[in-house]
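Novice: Pasting in a structure now, in structure tokens, and then I'll have a few things to ask.
Each reported figure results from applying straightforward, stated rules to the coordinates on display, with no laboratory input. As the structure is a prediction and not an experimental result, all values here were calculated from the model. Here the Cβ positions follow ideal geometry from the backbone for every residue, glycine too, while neighbour counts run over all protein chains shown.
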Amino acid sequence: MAAGLGMGMSWWTSSAATTSPATEPIPGFWDLQWSTPQGSPLLLQSFRGKPLLINFWATWCPPCIDELPLINAFYKQNNPKGWQVIGLAIDKSASVQAFLQKMPLEFPVAVEPLNGSDLARQLGNPTGSLPFSVAINAQGGIVQRKLGRLKQSDLDLWAKLK
């Protein structure tokens, strides 16, 4: 059963499309805060005023892991141009800490094991499935979202948005 589920998820995530939502600011968005895997707070307010990519992922999600190097490269290339990235792990802190020891990421990572899927739903992911990515403009409005594994072409398009 697990193999069938994995193959089904693989097909579904590879076929998921990027959508262009309205850019209205999300009420209360900048008031959110999460914890880093080490337990310190990550305040979304500190990311306000610049475009932001939020990637919802987990250590147990193969498509999530596959796209992390691509997102890290996006961050390294586009952070000097104003882009910010947060990886929001829908996972346990200990699992994320162990994962980051093996695959360090240059962008900030937060952990939200309980309410992360609810936030993903609020941002346009009706099923709460992973991976899920959202591009937020400097004003706090969603400009792009993708349910499923990101591709380089997605990130190239998103990099042009601000």
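Novice: Taking each full run of DSSP H in the chain as one helix, which ones are at least 18 Å long along their axis (Cα atoms) and have mean Kyte-Doolittle hydropathy of at least -1.0?
Specialist: Working: long enough: 2-15 (19 Å, 0.36); 62-78 (25 Å, -0.22).
Helices meeting the criterion: 2-15, 62-78.
Novice: With a/c under 1.5 counting as rounded, go ahead and sort the chain into rounded, prolate or oblate using the C-alpha gyration tensor (a ≥ b ≥ c being the square roots of the eigenvalues; past the cut-off, prolate if a/b is larger than b/c, else oblate).
Specialist: Rounded, since a/c falls under 1.5.
Novice: Give me a comma-separated list of calculated 3J(HN,Hα) values for the stretch 37-48, in order, Karplus coefficients 6.51, -1.76, 1.60 applied at θ = phi - 60°, integers in Hz, x for any Gly or Pro.
Specialist: Coupling constants for the stretch 37-48: x, 7, x, 7, x, 10, 8, 5, 3, 6, 9, 5 Hz.
Novice: While we're looking at this one, here's another question. Applying 1/(1 + (r/R0)^6) with R0 = 22 Å to the Cβ-Cβ distance of Gln45 and Thr127, what FRET efficiency is obtained, to the nearest 0.05?
Specialist: The calculated FRET efficiency here is 0.15.
Novice: Let me ask something else about it. What is the sum of charges, Lys and Arg at +1 and Asp and Glu at -1, for the other residues whose Cβ falls under 11 Å from the Cβ of Gly128?
Specialist: Net of charged neighbours comes to 0.
Novice: Using θ = phi - 60° and the Karplus relation 6.51 cos²θ - 1.76 cosθ + 1.60, list the HN-Hα couplings for the stretch 144-151 in order, rounded to whole Hz, with x at every Gly or Pro.
Specialist: Taking θ as phi minus 60°, the curve returns 7, 8, 8, 9, x, 5, 5, 10 Hz for the stretch 144-151.
Novice: For a test of understanding, tell me how many lysine pairs in the chain have Cα atoms under 14 Å apart, given they are 8 or more places apart or on different chains.
Specialist: Close lysine pairs found across the chain: 5.
Novice: Can you figure out the FRET efficiency of Ala138 with Gln38, using R₀ = 30 Å and their beta-carbon distance, to the nearest 0.05?
Specialist: 0.60
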